[in-house]
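Written below as structure tokens is the structure these notes are about.
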Amino acid sequence: MIIDVDNDVEQTSKRRLSILGPETDKLQGINKMTDAIRGFDQAERAAIVTGPLRVIVAVDSQSLEDVIIVGINAADEPGLLLRISKGLHTVGLQLHHTEAAVILDRSVSVWRCEFIEENRMEPEEIEESVKVLLERE
């Protein structure tokens, strides 16, 4: 997978990822969430407020260590980000950075993580585990 980061001419503070590879759709979904959090894409912000729980897990293998990127769009409620962070730790991820925003009644967050141990779950397993955790409570 090749990731090329460039600045948008009209919005220099906006960073866009041009992605080639099998994770394209997942990373583009995460990019849209990030743009909505940062307030760059008003249309995407409007689209986020509808729909069910959405969890996207992608792997950025361009770094020395694989970076796991998790995007979550869920109904906002007290303690949600704490539950998400505990859930990600439970599936074996160490959290490095997060960005989050509440858009109307939705909480949108993007988490950058790495595996704690060598026993690594597949992205699909992480996705399902987080969905189960968030739907359960």
*Cα gyration tensor shape of segment 43-103, rounded if a/c is under 1.5, else prolate or oblate by comparing a/b with b/c*: oblate
*Based on the alpha-carbon gyration tensor of segment 23-137 and its eigenvalue square roots a ≥ b ≥ c, which shape applies: rounded if a/c is under 1.5, prolate if not and a/b is larger than b/c, or oblate?*
oblate
*Sum up the charges of everything whose Cβ sits under 11 Å from the Cβ of Cys113, counting Lys and Arg as +1 and Asp and Glu as -1, but leave Cys113 out.*
-3
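Every number in this text was worked out from the coordinates using simple rules, so none of it is lab data. Since this is a predicted model, take the numbers as computed values, not measurements. Here Cβ is always computed from backbone atoms with ideal geometry, including for glycine, and neighbour counts include all displayed protein chains.
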